1. Consider only pairs whose beta carbons are under 6 Å apart and that are at least six residues apart or on different chains; among these, list those whose first residue lies in the range A:144-159 and is closer than 11 Å to A:ALA97 by Cα and whose second residue is of a type in the set (S, T, N, Q) and in a helix (DSSP H, G or I).
2. Select, from A:ARG101, A:ARG35, the only residue that is more than 10 Å from DNA strand C (Cβ to nearest atom) and either modelled with pLDDT under 95 or under 30 Å from A:CYS162 (Cβ atoms) (or both).
3. I'm trying to understand the selection: among the residues of the range A:33-81, which are charged (D, E, K, R), more than 8 Å from DNA strand D (Cβ to nearest atom), out of contact with any Leu (no Cβ under 7 Å at 6 or more places or on another chain) and touching a residue at least 24 places away in the same chain (Cβ under 8 Å)?
4. Select from the range B:199-249 the residues that are surrounded by fewer than 19 Cβ atoms within 10 Å (Cβ to Cβ) and more than 8 Å from chain A (Cβ to nearest Cβ) and write down the one among them that is farthest from B:ALA186 (Cα to Cα).
5. Take the range A:135-167 and flag every residue that is within 15 Å of A:PHE212 (Cα to Cα) and away from chain B (no Cβ under 14 Å).
6. Looking for something within 16 Å of DNA strand D (Cβ to nearest atom) and out of contact with any strand residue (DSSP E or B) (no Cβ under 7 Å at 6 or more places or on another chain) - is there at least one such residue anywhere in the range B:89-96?
7. Take the range B:70-88 and flag every residue that is within 15 Å of DNA strand C (Cβ to nearest atom) and either within 14 Å of another protein chain (Cβ to nearest Cβ) or touching a strand residue (DSSP E or B) at 6+ places or on another chain (Cβ under 8 Å) (or both).
8. Would you call A:ASP145 acidic (Asp, Glu) and surrounded by 13 or more Cβ atoms within 10 Å (Cβ to Cβ)?
Number of protein chains: 2
Amino acid sequence: MADTDTDAGSTDTGGTDTGSTDAGAGAKTPRERYRTQVRAEIKERAWEQIATAGASALSLNAIAKRMGMSGPALYRYYAGRDELITELIRDAYRSLADTFRAASASASGADLAALAHALRGWALEDPQRYFLIYGTPVPGYHAPDDVTAIASEIMATLLDACAAMPSGSGSGGDSPETSTATEFGAHIEDLGRQWAAGHPAPPAALQRALTFWTRLHGVLSLELAGHFTGMGFDPALLFAAELDDVRAR
Amino acid sequence: MADTDTDAGSTDTGGTDTGSTDAGAGAKTPRERYRTQVRAEIKERAWEQIATAGASALSLNAIAKRMGMSGPALYRYYAGRDELITELIRDAYRSLADTFRAASASASGADLAALAHALRGWALEDPQRYFLIYGTPVPGYHAPDDVTAIASEIMATLLDACAAMPSGSGSGGDSPETSTATEFGAHIEDLGRQWAAGHPAPPAALQRALTFWTRLHGVLSLELAGHFTGMGFDPALLFAAELDDVRAR
DNA sequence: ACGTTTCAGTTAGAGGCTATCACTCAAGTT
DNA sequence: AACTTGAGTGATAGCCTCTAACTGAAACGT
């Protein structure tokens, strides 16, 4: 379902038919089966290529040749390079969202450590996939709405975990700035009413989610980009330290 | 015979000085003057192109046309696209190093806030330049030694600022984990002897420099990549909050 | 002042890429 | 059996990087 037939270009035909038959849920015509199968293989090859040479080196032509067919054939399946990359981005977000959700569910209650561990594992599993989401943005590009929807799904999972946490948990006593003592805390509280619509998370949770995100991304992205090589320390420990700091906030 | 080949690049070239002729310091032959001038203009156009379309869209051909000459002419000045990009990366690092050093010098003593402010200003000035350094890495690419040398120069400036800081400054009393209480702190202290050779910075300073780097990069890179758009809060305040947190560590 | 060398810039071209078009031909449909 | 759909093809245009052979002018040595 939801295939929506990309090839619009010529031969519209869109017409559609009127009722023809099946339309049921699972059953597909053999051609549809074949089509989705080929689309899947294209993406598979694309991921291989991205993992080894980066997204900028992704070539439809090379994929086609590796699949035994000739260049333009791929345009039956994807309108162009951009559409394929967008689909890969979508899949990457989807994969991260699922990983996150699974980690959140498996952990008793909601544990930031579980989320962080899942995030790091997911990133190390395929660094280029991480960079497809969080790497250098292409100036012109704007992700379609459904992709940003998945992004907020990820954020929602994180927010839930933060909201389900004892507010000032950490280190027994009082950290000097627990909630709205900081300027940023006040700022967050200000727009707490208008933002986070749909998310019943208190401002403190939002703030913690934000620092979780930015700090772990900071360590992770520099690690994956190799900026720590030659320094001799273990990035995993730095990651863990940042995680602890966020949890004990 | 044999005129070409041996192309340009081999070795030096870039060098600004190294007068082939005797001539002492500044004087260059007119051809050398012209050469460096053209090289500079090429880089100028390249920066324009990168700022608007990103590094992956950089085209030697387009640059040449915009300069009124025809494609292959540029290969007299740069051995290829990769060499040009490497030079741009070098310049970006150089620019950041200078900005950092200037901020460090102008501020009385060494102020992390001054460094942070300089960093953020530098990044916002040309986001694509920031991403050229800290963005998605190209799997095959490895920066030449002189570039990584500039990178450690930047780190050295940061380390100096951290070392010149009162160790447990922050919030009057005692933050729960001041120095080696954390696992990572101990880890850093472990290799403090072997690493940081040449930098007389104590482990605590190194640790602070690391968190300065990763946290501010975390906020900055997500902001520049547009991942905060639609959330309604002011990234500058989040940046400032993270800075404060690092300083009061 | 006159060769000689050096080098910027040119055109031509190989090879790769994205993408479009017209076409074939087999698989599904009626 | 006739018809319709669509997967795959080759040809083509236009962009790119980069190489090769050549032209012509500026710089240099004597």
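The values are calculated or read from the model by the stated rules, or taken from the named source; none is laboratory data. Not measured: the values here are computed from a predicted model. All Cβ positions, glycine included, derive from the backbone under ideal geometry; neighbour counts span all protein chains shown.
1. Cβ pairs passing all conditions: A:THR157/A:SER104.
2. Checking each option against the conditions leaves just A:ARG101.
3. Across the range A:33-81, the qualifying residues are A:ARG39, A:GLU41.
4. Here the answer is B:THR229.
5. Once the filter is applied, which keeps residues that are within 15 Å of A:PHE212 (Cα to Cα) and away from chain B (no Cβ under 14 Å), the range A:135-167 yields A:THR157, A:ASP160, A:ALA161, A:CYS162, A:ALA163, A:ALA164, A:MET165, A:SER167.
6. Yes: the range B:89-96 contains one or more residues that are within 16 Å of DNA strand D (Cβ to nearest atom) and out of contact with any strand residue (DSSP E or B) (no Cβ under 7 Å at 6 or more places or on another chain).
7. Across the range B:70-88, the qualifying residues are B:ARG81, B:ASP82.
8. no
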